[in-house]
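Shown next, in structure tokens, is the structure this report addresses.
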Amino acid sequence: MEDYDSYMPVRPRRLRQNPAIRNLVTEYRVTPQRLILPLFVCEGSQVRREIPSMPGVFQMSLDVLAEEVREIEGLGIGGILLFGIPEKKDEIGSDALSPEGIIARAVRTVKKTTPNLLCVTDVCFCEYTSHGHCGALRKIGGRMDVDNDATLELLQKQVLVQADAGVDMVAPSGMMDGMVGAIREAFDDNGYEHLPIMSYAVKYASAFYGPFRDAADSAPQFGDRRSYQMSPAAVAESALREVELDLGEGADIIMVKPALAYLDIVRLVHDSYPDIPLATYNVSGEYSMVKAAAAAGWIDEKRVVLESLTAMVRAGAGIIITYWAKDVAYSIS
Ligand code: PBG
């Protein structure tokens, strides 16, 4: 009391002194309801093939998928994001255009097994094409590149096949100009005006997708994706332009991808469009780095994961797509 130097009316530690008070002032919570779990579906039966670079993530056949979605629904997870891995790939990704293709059958399996679980599909061609690019190719300016407008027509066919199969929402990820508008038009012309679109609006050409390309067997056979995905070093505001375009074309939910290295962009988009639901994708490379360090005993996986997901929520993401969705649900419940 006498010692004036130590008199401090403001002491931040008062709100940190025990779990009860810390819990009271906890503003950002990672809940299973806001998480979406990506799933990789392949042909065969009783297939549960672990991805070497993504321990704990599996390619699974439809029978295994059915068991998986029951478990996921029971955990109260927000939804699943399906990726199809066809047996046969070709130039235009025909498997994705067929009602008997892997993704259409996967959607039907999910909706039959767990009608109330939100079933989202990744809409792109890189898993289905022999060349691994996100659309049909054409010689443009002397070199092979993805033909934007031809791909839009293929995307319209792809989403209608998925809509007929019963999908609840589509997530176009190919970064084609006009993709959201083309999908919206296909839906609205065919009685699917109720189906929402979650657009990978702000998607960077990122080395963090490396392990995913093993998981989905979708590495480009030549070149890279820089003629359609965004440059990490381009003006930050170009993210807003992409968002504006997609919203104008009818996107319902906007996504920024990857997550951790782009939380400034998540914040920028959230602040600029506070009333639009915002998702971020905690991608494969972000997953594999933590798994590897945890396996070596260098970091505490559970704590690092919760800290990272909390950062995404704090940056403004209401929805997080993450391979850890089940782990989070198990550790919280
Ligand atoms: C398909 C797609 C990719 C990812 C999601 N959808 C790969 C890519 O664009 O190369 C990456 C997901 C991840 O890394 O976890 N276009």
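Rule-based calculations on the coordinates, nothing more; no lab input. In this text, all values refer to a predicted model and were calculated from it rather than measured experimentally. All Cβ positions, glycine included, derive from the backbone under ideal geometry; neighbour counts span all protein chains shown.
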- Query: Which one of 265, 230, 296 has its Cα pushed farthest toward the positive end of the charge dipole of the range 205-299, where Lys and Arg give +1 and Asp and Glu give -1 at the Cβ?
  - Reply: 296
- Going through the range 1-105, which chymotrypsin sites (Phe, Trp or Tyr not before Pro) have at most 14 other Cβ atoms within 10 Å and a DSSP loop state? 7, 28
- Note on the structure: Taking Lys and Arg as +1 and Asp and Glu as -1, residues besides residue 268 with C-beta under 13 Å from its C-beta add up to -3
- Message: Explain nothing, just the number: relative contact order of the chain, from Cα pairs under 8 Å at least 6 residues apart, as a whole percent.
- Response: 18 percent
- Neighbour-count order for 218, 231, fewest beta carbons within 10 angstrom listed first: 231, 218
- Query: Considering only the other residues whose Cβ falls under 12 Å of the Cβ of residue 26, what net charge follows from Lys and Arg at +1 and Asp and Glu at -1?
  - Reply: +3
- Where the centre of each part is set by its Cα atoms, how far does the range 287-324 sit from the range 149-226, in angstrom? 26 Å
- Query: Longest span of the chain, sites excluded, free of GluC sites (Glu not before Pro) in DSSP loop with at most 13 other C-beta atoms within 10 Å?
  - Reply: 238-333
- Query: When 111, 139 are ordered from fewest to most other Cβ atoms inside 10 Å of their Cβ, what list results?
  - Reply: 139, 111
- Per-residue Cβ contact counts at 10 Å, fewest first, order 208, 222, 125 as 222, 208, 125
- Checked against the positive end of the charge dipole of the chain (+1 on Cβ of Lys and Arg, -1 on Cβ of Asp and Glu, about the Cα centre), the farthest of 10, 117, 36 is 10
- Note on the structure: In the neighbourhood of residue 278 defined by beta carbon distances under 15 Å, the net charge of the other residues (Lys, Arg +1; Asp, Glu -1) is -2
- Out-of-range pairs (alpha-carbon distance over 27 Å; input 157/203; 111/157; 112/291; 157/326; 203/291): 112/291; 157/326
- Item | the chain - charge dipole about Cα centre, Lys and Arg +1 at Cβ, Asp and Glu -1, debye rounded to 20 | 920 debye
